[in-house]
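For reference, the structure discussed in these notes is given below.
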Amino acid sequence: MEIPSIIVYDLGNTDPKLMDQVLYGIEEEGIPYILEKKDLSAYKDVKEASYNAAVSSKLSVGIAADNEYIAVHYANLNENKPLFLYSMKSVNMQNMRNVGANSARLVKGIYFILDD
């Protein structure tokens, strides 16, 4: 029996230290996650991959990241319009931890953490 979890797709070439921060953020909020390595070539972009992760998640929340972008998606949103989409060039460790925490907060239905 699979535990309801946020599905996280690592699409390759993602900085492992940044991905760890995303996972720490989810853990801190007490929501389970499943990290899966996926091939970016199977998707047209990170938005599509994050949508597929969300649809695969029993919690309806998915994350996908590569070396250029990270996207957080909710299964009820339009496939091309993730809830959050960030350029990896503009994020730091704290931003990535907030991405994970906000993904978990989406599941919990509570307010998001805003970046300064």
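The values are calculated or read from the model by the stated rules, or taken from the named source; none is laboratory data. What you see is a predicted model, and the numbers here were worked out from it, not measured in a lab. Here the Cβ positions follow ideal geometry from the backbone for every residue, glycine too, while neighbour counts run over all protein chains shown. Ligands, DNA and RNA are excluded from the accessible area calculation, which covers all protein heavy atoms including side chains. Shrake-Rupley method; radii C 1.70, N 1.55, O 1.52, S 1.80 Å.
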Residues located in the range 11-33, provided they are over 18 Å from ASN102 (Cβ atoms) and of a type in the set (A, V, I, L, M): LEU11
The listed residue being acidic (Asp, Glu) and open to solvent by less than 50 Å² (accessible area, probe 1.4 Å), out of GLU28, GLU48: GLU48
Subset of the range 45-103 (residues that are in a strand (DSSP E or B) and closer than 21 Å to LYS17 by Cβ): ILE63, ALA64, ALA65, TYR69, ILE70, ALA71, VAL72, PHE84, LEU85, TYR86, SER87
LYS44 being touching a residue at least 60 places away in the same chain (Cβ under 8 Å), over 14 Å from SER103 (Cβ atoms) and not β-branched (Val, Ile, Thr): no
Criterion violated by ASN13 - all others in (1) at pLDDT 95 or above; (2) open to solvent by 40 Å² or more (accessible area, probe 1.4 Å) satisfied: (1)
The range 101-116, subset open to solvent by 50 Å² or more (accessible area, probe 1.4 Å) and touching a helix residue (DSSP H, G or I) at 6+ places or on another chain (Cβ under 6 Å), residue farthest from ILE31 (Cα to Cα): ASP115
Considering residues of the range 65-95 that are small (Gly, Ala, Ser) and surrounded by 14 or more Cβ atoms within 10 Å (Cβ to Cβ) only, the residue farthest from LYS47 (Cα to Cα): ALA75
